[in-house]
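Report on the following structure.
Every number in this text was worked out from the coordinates using simple rules, so none of it is lab data. Small disclaimer: the values here were computed from a predicted structure and weren't measured. As a convention, Cβ positions derive from the backbone with ideal geometry for all residues, glycine included, and neighbour counts pool all protein chains shown.
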């Protein structure tokens, strides 16, 4: 077989084999436990438990690579990516599209947390504002554009966006990915296919 996928058959005939289509696998990791909640700070780092969770996630994922690493720009996601990046000696690519959900700008932290709790419990993307609908589309587009196996360090709602897109589920919260859980997707024909949900727990969004 040559580089173009041709093989020689009897009597000099050539048969063309279909080219293999790459199927990137994505490992979406929710960040470790943050030092402050959604109601307390805009961009907290990890607390002591969160750092331990990040180390454990790095150890768990290490045998898969080295692979490409993508991270939300928020501190808790970047700090969660650090142990794996050090093991693989890879610098994470910062991707704003996999960051935390947009929240109304006029709200203080407590109001923002109350808004998110209500939106998670009762919300559907069908009724989203244009800004939130675009945010959701940007999350999905950033993920399906990956051309290689990638570990993505992201957030609770963004991982739910990916899961909902894969399942055709319009709910804002499809499941509750725990801190440092790993949810696995394949990218097939420009769409997400859910391979495995990450560990689920009754956790607050942080």
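For the chain, the Cα-based Rg and Dmax, in that order, read 19.5, 77 Å. Rounded to the nearest 500, the helix-only mean residue ellipticity at 222 nm of the chain stands at -11000 deg cm²/dmol, with each DSSP H run of n ≥ 4 adding -39,500 (n - 2.57).
The simple Förster model, with R0 at 45 Å and r as the Cβ-Cβ distance, assigns residue 122 and residue 195 a FRET efficiency of 0.95. Between the Cα long axis of helix 109-122 and the first principal axis of the chain there is an angle of about 50°, rounded to the nearest 10. Between 0 and 90 degrees, the angle of helix 75-88 with respect to the longest Cα principal axis of the chain falls at about 40 degrees.
The order of 183, 80, 129, 150, going from fewest to most other C-beta atoms within 10 Å of their C-beta, is 129, 150, 183, 80. Listed from fewest to most Cβ neighbours within 10 Å, the set 106, 199, 155 follows the order 106, 199, 155.
Each of 146, 33 was scored by other Cβ atoms within 10 Å of its Cβ. Listed from fewest to most, they are 146, 33.
Taking the DSSP beta bridges with both ends in the stretch 22-196, the antiparallel portion is around 50 percent. Using the Cβ-Cβ distance between residue 89 and residue 56 with R0 = 25 Å, the FRET efficiency computed as 1/(1 + (r/R0)^6) comes to roughly 0.80. Considering only the Cα atoms of the stretch 66-120, their convex hull presents on average a projected area of 4.6 nm².
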